[in-house]
Amino acid sequence: MTPDFGPTAPLAPPIHLSAVYRIPDLDAVDAIYNGQAPGYIYARDGHPNATILAGELQRLHAAKWGVVTGTGMGAITAPLLAMLTKGDRIVSSNRIYGKTTKLFRVEFEHFGISTVWVDTNDLDAVKFELTKSPTKVLFVETISNPLCRVADLPALAKLAHDYGAKLFVDNTFASPVLCRPLETRADLVMESLTKMIGGHSDVTMGFVCGSDAALHIPIASATSTWGLAANPFDCWLVTRGMSTLDLRMRAADANAAKLAAWLAEQPAVRRVVHPSRPDHPDFELAKRVLPHGVGNMLCFELSDRDAVNRWMRATPEVPFCPSLGHHETTCSHPDTTSHRFDPRDEKLGQGITPGLVRLSVGSEPFERLRAAMEHGLRAIA
Ligand SMILES: *Cc1c(COP(=O)(O)O)cnc(C)c1O
């Protein structure tokens with residue numbers, strides 16, 4: 001039974017856990033299927049908490065439509081399943097999330113969809129690949145892991161469209177607070193909501209959105225049919241986390257820039273990697289692509305693996321968790337986690353050394369973070 005709220009209404013959104021909906025009659029079911037009336041039938045196809053969350057995210061990205069998925073990987077997989085077929089070609093950045101690399105290299109290869117890898121910071125190299133062979137999708141991340149290379153999204157959108165490809169952007173490291181790629185003509189934007197947007201490390205979810213209305217139904221349909229849909233409670237958790245996204249992202253971004261400057265002064269630190277630093281290769285590009293802040297991810301390098309171990313043990317306030325986007329600072333170690341299975345020479349060539357620590361800077365008071373970092377660095381001096 002639905003409770004009688006009278007003239008009142010809950011301020012916080014309710015959680016609608018129902019997997020299936022009762023429909024009054026056959027005319028009503030026709031109207032819902034035909035899109036002539038609102039309503040829900042089965043939760044894999046849609047439910048109120050997915051509608052609420054997708055609406056919020058769609059607004060942040062100024063998108064025409066958005067679809068939520070059970071994981072960030074689901075948000076990358078669904079559009080590719082919906083739009084690509086045997087014989088199609090993807091041109092991808094060679095610095096993308098490990099599981100996305102595996103998705104392209106292993107899973108989509110099974111279906112006869114091939115991927116070529118290119119340094120997308122080299123626009124001539126991108127152009128060369130796009131001219132070489134017809135390409136369906138150019139795939140990039142706004143900010144790469146872990147060295148925070150920034151993608152020149154307006155230039156990449158133009159290049160993709162000049163050669164008949166669509167630009168897909170994984171915007172997870174930036175979030176819509178710092179970057180809205182649809183505004184510079186990206187075709188699709190994906191977010192892992194598990195990270196900064198959810199913000200509390202208690203849910204895995206993803207989101208994909210776009211401005212071409214024709215792509216909505218095929219992608220929503222692939223999400224349901226391939227079993228990539230999100231459940232109501234997870235949507236509710238992300239909706240709740242999102243209410244502080246803007247505050248958290250801005251605070252974390254400011255903390256990261258301050259911490260990067262502070263780390264650069266510390267004798268135990270050999271190198272700091274953050275696009276707010278003039279020595280970062282994308283310092284100038286970042287000002288243009290990310291004018292509201294360059295993000296909360298940064299790396300710093302200690303002498304070797306042993307120094308990292310000692311620093312970790314001396315800095316329990318910054319837990320070692322191979323993920324990102326928590327509301328407080330966490331650290332990771334690319335060499336043994338995200339890039340564990342990459343060839344050693346390739347890693348070293350990119351600058352991913354055994355001494356490199358990645359921080360996902362949080363929104364805690366800066367002084368607390370700085371004190372914890374100082375204590376840990378003193379322990380290894
Ligand atoms: C975490 C992450 C993903 C995958 O998201 P899940 O929610 O873990 O499936 C994709 N891209 C980037 C950049 C990520 O950081």
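What follows draws every value from the coordinates through simple rules; no lab data is involved. The shown structure was predicted, so the numbers you read here are calculated from the model rather than taken from an experiment. With ideal geometry, Cβ positions are generated from the backbone for all residues, glycine too; neighbour counts draw on all protein chains shown.
Results, tabulated for the structure shown:
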| read-out | value |
| --- | --- |
| Peptides ranked, highest mean first, by Cβ atoms within 10 Å: ranges 30-39, 370-379, 191-200, 241-250 | 191-200, 241-250, 370-379, 30-39 |
| Degrees between helix 366-379 axis and first principal axis of the chain (Cα, 0 to 90, nearest 10) | 40 |
| Loop trypsin sites (Lys or Arg not before Pro), the stretch 45-102, which have at most 15 other Cβ atoms in a 10 Å radius of their Cβ (DSSP) | K64, K86 |
| Isotropic mean projected area of the C-alpha convex hull, the stretch 168-214 (nm²) | 3.3 |
| Calculated FRET efficiency for the pair I15/D304, C-beta based, R₀ 56 Å, to 0.05 | 0.70 |
| Projected-area average for the chain over all orientations - Cα convex hull basis, square nanometres | 20.9 |
| Pairs of alpha carbons in the stretch 1-129 whose separation is greater than 26 Å (percent) | 47 |
| Dipole of the chain, positive end: most advanced residue of F173, N255, G72 [Cβ charges, Cα centre] | N255 |
| Relative exposure of Y40, Y97, judged by other C-beta atoms within 10 Å (fewest first) | Y40, Y97 |
| Dipole moment magnitude, nearest 20 debye, the stretch 96-165 about Cα centre, only Lys, Arg, Asp, Glu C-beta charged | 160 |
| Size of the stretch 221-301 as Cα extents on the principal axes (Å, biggest first) | 52, 26, 24 |
| Anchor K102: aspartates and glutamates whose Cα lies under 19 Å away (excluding residues fewer than 8 positions away in-chain) | D88, D119, E141, D170, E191, D335, D342, E346 |
| Counted charge near R59, where neighbours are those whose Cβ lies closer than 14 Å (Asp, Glu -1; Lys, Arg +1) | -2 |
| The stretch 195-239 and the stretch 271-340: distance between their alpha carbon centers, rounded to Å | 27 |
